[in-house]
Each structure stands twice: as structure tokens, then as C-alpha cells.
Ligand code: SF4
């Protein structure tokens with residue numbers, strides 16, 4: 001049986017969506033028999049491969065690295081799932097958007113208001129450059145499926161993946177499967 005090539009991506013998020021994925025518990029054993037996890041924070045793959053069937057993308061696009069990564073993911077993935085509320089709307093990670101330029105915020109938080117030895121992490125190459133605004137994934141690349149929740153409950157993640165494994169389009173309906181938050 002050909003295994004579905006599955007990737008999971010972690011952009012600007014808290015990893016709670018990935019934790020919820022792991023909360024599918026013993027079903028992961030069934031899943032492992034039917035998918036090949038080709039890229040994920042959960043496996044030791046350094047390069048995003050070509051011809052990925054499905055990618056679960058957690059988090060919004062908040063910095064230069066995310067921007068590069070999501071372009072690569074989109075180009076190399078057949079079905080891109082916006083995984084969780086941060087990916088879909090920006091959610092908690094976009095709370096900085098109304099506060100203006102990120103450089104001023106970083107200076108304020110890491111230097112001016114630091115208790116001791118304040119120093120912004122702004123030396124070249126230390127951290128990726130922040131984008132002016134945090135953007136949901138669909139504002140940067142086309143998205144095929146939206147899987148809401150903060151995080152999406154494990155049962156919802158499982159339902160979506162089971163539909164894909166059955167060769168069906170993902171159809172989420174009703175409060176249990178579509179609720180944000
Ligand atoms: Fe974390 Fe919620 Fe964002 Fe998922 S949607 S990354 S759980 S804050």
C-alpha cells in the first residue's frame with residue numbers, strides 16, 4: 001500500500017496544535033501504518049521534500065523564515081491545511097499587529113523594560129527578521145483546507161485525516177468540528 005506523504009509545519013504558533021495532534025493517542029499507531037511523515041518538528045528531517053501529499057501548517061507567518069518556508073511548502077505540497085486558529089486568522093500571534101513596527105516593540109521589551117542587562121536579540125543572524133505584520137497563511141499562499149481551533153481538538157484532527165486517508169475531501173460540519181477557539 002502506498003503511504004500518504006504527510007508533513008507538519010510549525011510557523012508562528014505555540015506548538016499547541018502539534019500537541020493536540022499527539023493527543024490522538026493510540027490512533028497514531030494506526031496512522032503510522034498509513035502515512036510516511038516526511039517532514040515535521042516531530043521527526044529529524046532538515047529539508048522539506050518534494051511531492052508531499054498533505055501538510056498541516058500550524059501558526060501564522062511572522063518572520064522572514066516563515067515567509068520562505070511557506071512558499072516552499074506551498075510549491076511542494078498537494079494539499080495544504082491551515083492548522084489551527086493562528087494559521088487561519090493570526091489569532092494570538094497577531095496581537096502585536098495593532099501595536100506598530102516590531103522593531104520598536106522588541107527594543108521596548110528586551111532593552112528598555114528589561115530588569116537587567118537588557119539587549120534586543122537583533123544582531124544579524126541571531127533571529128529571523130520580524131515582518132511588519134503577522135499574516136494568516138492564506139494571506140501569503142493559497143490554502144486548501146481550514147482546520148479551526150485553538151488548538152483543534154484531537155478528534156477533529158483525526159476526523160479530517162481519516163477523510164483524507166479514505167480518499168475523500170475534508171468536510172467539517174457542525175459546532176463540534178468548526179468552532180474556533
Ligand atoms: Fe497555539 Fe492556539 Fe495558535 Fe495552535 S491555534 S498555535 S494552540 S495559540
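In summary, strands (runs of 3 or more DSSP E) completely within the stretch 67-155 and bearing 3 or more residues that are within 16 Å of the ligand (Cβ to nearest atom) occur at 77-83, 145-147. Counting the residues of the stretch 159-181 that are within 16 Å of the ligand (Cβ to nearest atom) and buried (at least 19 other Cβ atoms within 10 Å of the Cβ) gives 1. Surrounded by 14 or more Cβ atoms within 10 Å (Cβ to Cβ) and over 13 Å from the mean Cα position of the chain (by Cα): is that true of residue 34 in this structure? For residue 34, the condition - surrounded by 14 or more Cβ atoms within 10 Å (Cβ to Cβ) and over 13 Å from the mean Cα position of the chain (by Cα) - is met. Cβ separations smaller than 7 Å between residues 6+ apart or across chains give the following pairs from the stretch 15-35 residues that are under 13 Å from residue 3 (Cβ atoms) to residues that are assigned to a helix (DSSP H, G or I): 31/161; 34/165.
If you go through the stretch 36-57 and keep only what is in contact (Cβ under 8 Å) with a residue 60 or more places away in the chain and either in a helix (DSSP H, G or I) or within 16 Å of the ligand (Cβ to nearest atom) (or both), you end up with 56, 57. Criterion applied to 35, 73 was being over 23 Å from residue 131 (Cβ atoms) and in contact with a strand residue (DSSP E or B) (Cβ under 9 Å, 6 or more places away or on another chain), and the one residue passing it is 35. Pairs are defined by a Cβ separation below 7 Å, a sequence spacing of at least 6 or placement on different chains, a first member in the stretch 126-145 that is surrounded by fewer than 18 Cβ atoms within 10 Å (Cβ to Cβ), and a second member that is assigned to a loop (DSSP other than H, G, I, E, B); the pairs so defined are 127/121; 132/101. The single condition among (1) away from the ligand (no atom under 13 Å from the Cβ); (2) over 16 Å from residue 146 (Cα atoms); (3) touching a strand residue (DSSP E or B) at 6+ places or on another chain (Cβ under 7 Å) that residue 62 does not meet is (1). Looking only at residues in the stretch 5-26 that are part of a helix (DSSP H, G or I) and touching a helix residue (DSSP H, G or I) at 6+ places or on another chain (Cβ under 6 Å), which one is farthest from the ligand (Cβ to nearest atom)? Within the stretch 5-26, the match that is farthest from the ligand (Cβ to nearest atom) is 21.
Read the figures in this text as sums done on the coordinates, not as results from a lab. Computed from a predicted model, the values in this text were never measured in an experiment. All Cβ positions, even for glycine, are placed from backbone atoms using ideal geometry, and neighbour counts span all protein chains on display.
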